[in-house]
1. When the residues of region 67-109 are filtered to those that are small (Gly, Ala, Ser) and within 13 Å of the chain's Cα centre (by Cα), which remaining residue is modelled with the lowest pLDDT?
2. Would you list the strands (runs of 3 or more DSSP E) that sit entirely within region 1-100 and hold 3 or more residues that are on the phi < 0 side of the Ramachandran plot, in contact with an Asp or Glu (Cβ under 9 Å, 6 or more places away or on another chain) and without any contact (Cβ under 8 Å) to a residue 60 or more places away in the chain?
3. Suppose we filter region 103-145 for residues that are free of Cβ contacts under 8 Å to residues at least 24 places away in the same chain and farther than 19 Å from Ile60 by Cβ; how many remain?
4. When region 75-111 is examined, which residues are found to be touching a Lys or Arg at 6+ places or on another chain (Cβ under 7 Å) and surrounded by fewer than 18 Cβ atoms within 10 Å (Cβ to Cβ)?
5. Any idea which of Arg119, Arg88 is charged (D, E, K, R), within 17 Å of Gln35 (Cα to Cα) and touching a Ser or Thr at 6+ places or on another chain (Cβ under 7 Å)?
6. Is it true that some residue in region 26-35 is touching a strand residue (DSSP E or B) at 6+ places or on another chain (Cβ under 6 Å) and either loosely packed, with under 12 Cβ neighbours inside 10 Å or not hydrophobic (A, V, I, L, M, F, W, C) (or both)?
7. Go through (1) closer than 24 Å to Asn21 by Cα; (2) part of a strand (DSSP E or B) one by one and return the number of the condition Gly112 breaks.
8. Pairs under 7 Å by beta carbon, first residue over 19 Å from Asn62 (Cβ atoms) and in a loop (DSSP other than H, G, I, E, B) in region 146-172, partner modelled with pLDDT of 60 or more and aliphatic (A, V, I, L, M), six or more apart or different chains?
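The values are calculated or read from the model by the stated rules, or taken from the named source; none is laboratory data. This is a predicted model, so every value here is computed, not measured. Positions of Cβ are backbone-derived with ideal geometry, glycine not excepted, and every protein chain shown enters the neighbour counts.
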Amino acid sequence: MRVREDFIEAIKAAHETGGANRVRETLARFLADWQGPPPWIGALERGDFSVIYRDGALTIMNIIWPPGIITEPHNHNSWAVIGIYQGREDNLLWARDGDGIKPIGALTLSAGDTHAMRRDEIHTAFNPSQSLTGAIHIYEGDFLTTPKREWDPVTHEERPRIMADTFGRFET
């Protein structure tokens, strides 16, 4: 479908010419045009964690958050751009604190909102609603092979992030 290919090409061009900020601006324009899920996705029916485009420089994913899902505090070890096309995503922001982490703020993203995350940003993401939330996530590099870290939500002990475990939690 050409619409999907046009989106991918626009994001790749933004990445090549301006990095995360240009990618965020480009994604925001698409979200405004779509006014809901991208035309190639259709109505949201279940949780999903799927790749739209991936190479060594850039990964574009469609993430559909099941109601009530929450992630452990984690990083991406790359910059990331998040754009919500349906629903809401709440984030608790963290900073390293000695051997652990401490909370430093919060961020709520609703349909039409975008956010560019720094390479070193740590966050917990949560769908607080009773319905599915849909989002486009764009990462610098190959998201599937970049090592990531997470922290125990209670003890704040740092550990490797096992993405297969995360993917499995999105299936509903």
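1. Step one: filter region 67-109 for residues small (Gly, Ala, Ser), giving 68, 78, 80, 83, 87, 95, 98, 100, 105-106.
Still in the running and within 13 Å of the chain's Cα centre (by Cα): 78, 80, 83.
Numbers: Ser78: 93, Ala80: 96, Gly83: 98.
Among those residues, the one meeting the criterion is Ser78.
2. Numbers: elements: 48-54, 58-65, 80-86, 88-97.
Once the strands (runs of 3 or more DSSP E) in region 1-100 are filtered for at least 3 residues that are on the phi < 0 side of the Ramachandran plot, in contact with an Asp or Glu (Cβ under 9 Å, 6 or more places away or on another chain) and without any contact (Cβ under 8 Å) to a residue 60 or more places away in the chain, what remains is 80-86, 88-97.
3. Taking region 103-145 and keeping what is free of Cβ contacts under 8 Å to residues at least 24 places away in the same chain, we get 103-108, 145.
Narrowing further to those that are farther than 19 Å from Ile60 by Cβ: 103-108.
The qualifying residues number 6.
4. Answer for region 75-111, where residues must be touching a Lys or Arg at 6+ places or on another chain (Cβ under 7 Å) and surrounded by fewer than 18 Cβ atoms within 10 Å (Cβ to Cβ): Asn77, Ala95, Thr108, Ser110.
5. From the options Arg119, Arg88, the qualifying one is Arg88.
6. No: region 26-35 contains no residue that is touching a strand residue (DSSP E or B) at 6+ places or on another chain (Cβ under 6 Å) and either loosely packed, with under 12 Cβ neighbours inside 10 Å or not hydrophobic (A, V, I, L, M, F, W, C) (or both).
7. (2)
8. From residues that are over 19 Å from Asn62 (Cβ atoms) and in a loop (DSSP other than H, G, I, E, B), the pairs are His156/Ile101.
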